[in-house]
Amino acid sequence: MSTITTPPPATKAPIANTLTTGILPKPVPWILLGVCWLIVGAVFGILLAAGANDSYNIIGAIFFGTVLWVIVNYIVSRSYEGARPAMNRFVTSLVSLAFLVALLPLISLLYTTISNGIPRFDLSFFSGSMRNVVGEGGGALHAIVGTLEITGMATLISVPVGLLTAIYLVEYGRGHLARGITFLVDVMTGIPSIVAGLFAFAFFALILNQPGIRFGFGGAVALSVLMIPVVVRSSEEMLKLVPNELREASYALGVPKWLTIVKVVLPTSIAGITTGVMLAISRVIGETAPLLIIAGFTQSMNYNLFNERMMTLPVFVYTQYANQGIPAEAYIDRAWAGALTLVVIVMLLNLIARIVAKVFSPKLGR
Amino acid sequence: MTTAPAKPEAPRPIKAKQRPGDAIFSASTVVAGSLILVVLAAVAIFLVAQSIPAFTAGPDDLKGGAPNFWAYVGPLVFGTVWAAFLALLIAVPLAIGIALFISHYAPRKLAQGLGYVIDLLAAVPSVVFGLWGITVLAPFVQPFWSTLVDLFGWFPLFAGPVSGTGRTILTVAIVLAVMILPIVTALCREIFLQTPKLHEEAALALGATRWEMIRTAVLPFGRPGIVSASMLGLGRALGETMAVAMVLSPQVLISFALLQSTNPTTIAANIALNFPEAHGVGVNVLIATGLILFVITFAVNFIARAIVNRRKAFSGAN
């Protein structure tokens, strides 16, 4: 390492630690960052005073200050430590910035959703439908009921199919069929959601011979097409984690294979499977496009999955925004309140899923 | 002579008892597995069946008066691929950076939590992304776009006049990039973590800095993984509907300009915007465009998965 062979300074200094000579002290990059922010902040302040901007641009100041820091940090390190450590510092700062940049949209999105959604996030939003509502007021109860029914139905279809497929792949499947299913399940995760909606529409329009069909069950089928591969993948991973010793011990006691799976393998992996299913639900509950196509939209309550159009929460958000009436704010506020409800549901599902995975997973380690 | 008669038969080979429970259970798992193949085939079959009338549709049935179906779908395919490509251009470098940060830079204890944070982005519904893009992102980036047009307007991609609302295809590409970031990051992270520890330690022992270790050990090992992760991200971006439908004002044209107010739209957004009012052959035309989207994404995903699977076979890491 070049750092170790750096010749000692000409003046007689006390013996330095050879491992740290030639390396910038730890706080230096942070001090540089502060200095860069101050400089750029001052420049923006001067611009403000000169009247170039009409308000202080704090986001711009931080952004350009950070860019300046990346460059200054590289130059300082290069002149003191050499080219290779300087490159290392440069890449480290870029990589850390990439992570921070990715956090910005998440924070901004959550902040806007909460601050815009709160005004209409009230009791009437959860207690009424949009029937005969023009302008202000109204609620999304019909959409919430629709979302719960359609997603629940999709879960009822996907979980048995997905779980049995995962069991087949892990416990029974050998040869071409198993390999083909694994591969196609992977490919199926990539089906665009709108294509799933078109499929459900094409299927039911042909089978039931109604060219303009719209009903909730079709939405459930479309969501199942999206959900099954996710359930299969996650359950498969979980079933694979069950130690073979458990199965062999069960066989040795004379338990048939299917009872081994039902009584030993599934209970061991049930926490992981539950987590996977909840994450799959949280993925499909926010799908808009397929439901827009096959479930349609309506202003009134509809409890029947098999008849008539059915509103869902994502479609509610979309239609409130897309077809604004007068006053427009009422519609936009409702859209944001719907978005907030959706985000809360999805985040809760995610959180509960993680907790279930943490608390109920079997302790395999000794 | 009253003992039981000696059995002349040879001892039979021991066979497990055939239980009906076993047969039923294993048969039902096979049925469930095959159902997936059936569904995938059904998606293709029903889309084809419903889109046959569209291929012979005339100008009367096609929106915008295109002479035939292929002239109608051409600009849409262009818009779809173009928007997805731009999104990929933004997302992949960022995703590699984040994946490296989580796998090799962040403190061990924090790493998993940071991974969850990025995964949260994947959980946000697309319609919320659309709302955010139109109300927050578009006004925020508009000044940057107009500066860009002022400074680099001579470059064809940034040709003016700039859109006054910020609702341009570049804004859409940013929203799409944010949406595909989690999946690309998650896959890259997994691949980077699979790098043989001995390779990394050997590089460090030879005096490499952390970046040199990553460049010489981690990135070469992960390259096929990065390629396939990008393609899976591309598949997602191709099929993304609501963000595009909400942020862009619908136009059907071919244009490379990034910052103007007329932008090419995508297949998925076009379907979502026109399907509720479509009737007659119009429905078939939209389903046929959906079929083309299905074929494109299927091909992209197929190639990506094939790369991943080939990689798994000889990576030695798992």
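A few notes on this one:
- Test: A:SER129 is over 18 Å from A:GLY286 (Cβ atoms), surrounded by 14 or more Cβ atoms within 10 Å (Cβ to Cβ) and either more than 8 Å from chain B (Cβ to nearest Cβ) or touching a residue at least 12 places away in the same chain (Cβ under 8 Å) (or both): yes
- Of everything in region A:254-263 that is surrounded by fewer than 17 Cβ atoms within 10 Å (Cβ to Cβ) and part of a helix (DSSP H, G or I), the residue that is nearest to the chain's Cα centre (by Cα) is A:VAL262.
- When region A:206-232 is filtered for residues that are surrounded by fewer than 21 Cβ atoms within 10 Å (Cβ to Cβ), in contact with a helix residue (DSSP H, G or I) (Cβ under 7 Å, 6 or more places away or on another chain) and not in a loop (DSSP other than H, G, I, E, B), only A:LEU206 remains.
- Taking the criterion of being facing chain A (nearest Cβ under 10 Å), closer than 30 Å to B:GLY74 by Cα and either among the polar types (S, T, N, Q) or exposed (fewer than 12 other Cβ atoms within 10 Å of the Cβ) (or both), the residues of region B:16-62 that qualify are B:ALA41, B:GLN50, B:SER51.
- Complete set of residues in region A:295-329 that are of a type in the set (A, V, I, L, M) and either in a loop (DSSP other than H, G, I, E, B) or surrounded by fewer than 19 Cβ atoms within 10 Å (Cβ to Cβ) (or both): A:ALA295, A:MET301, A:LEU305, A:MET310, A:MET311, A:ALA322, A:ILE326, A:ALA328
- Matching residues in region B:60-75 - criterion: being over 11 Å from B:ALA288 (Cβ atoms) and at pLDDT 80 or above: B:ALA71, B:GLY74, B:PRO75
- Contact map, region A:84-109: residues that are more than 7 Å from chain B (Cβ to nearest Cβ) and in contact (Cβ under 8 Å) with a residue 60 or more places away in the chain paired with residues that are surrounded by 15 or more Cβ atoms within 10 Å (Cβ to Cβ) and among the hydroxyl-bearing types (Ser, Thr, Tyr), Cβ distance under 6 Å, separation 6+ or inter-chain. Pairs shown: A:ARG89/A:SER77.
- Condition met for B:VAL308 (modelled with pLDDT under 75, within 11 Å of another protein chain (Cβ to nearest Cβ) and not in a loop (DSSP other than H, G, I, E, B)): yes
- Enumeration of residues in region B:174-233 that are among the aliphatic types (A, V, I, L, M) and touching a Cys at 6+ places or on another chain (Cβ under 8 Å): B:ILE226, B:ALA229
- Under the condition of being touching a residue at least 60 places away in the same chain (Cβ under 8 Å), more than 10 Å from every other protein chain (Cβ to nearest Cβ) and touching a Phe, Trp or Tyr at 6+ places or on another chain (Cβ under 9 Å), the residues counted in region A:188-230 number 6.
- Filtered residues of region B:241-281 (kept if surrounded by fewer than 18 Cβ atoms within 10 Å (Cβ to Cβ), part of a helix (DSSP H, G or I) and in contact with a Leu (Cβ under 8 Å, 6 or more places away or on another chain)): B:ASN274, B:PRO276
- Checked against the criterion of being part of a helix (DSSP H, G or I), at the interface with another protein chain (Cβ under 8 Å from one of its Cβ atoms), of a type outside the set (A, V, I, L, M) and farther than 26 Å from A:TYR321 by Cβ, region B:285-293 contains not a single residue that satisfies it.
- For region B:227-240, the set of residues classified as in contact with a Leu (Cβ under 8 Å, 6 or more places away or on another chain) and aliphatic (A, V, I, L, M) consists of B:ALA229, B:LEU232, B:LEU234, B:ALA237, B:LEU238, listed by residue number.
The values are calculated or read from the model by the stated rules, or taken from the named source; none is laboratory data. As the structure is a computational prediction, the values presented were derived from the model and not from experiment. Positions of Cβ are backbone-derived with ideal geometry, glycine not excepted, and every protein chain shown enters the neighbour counts.
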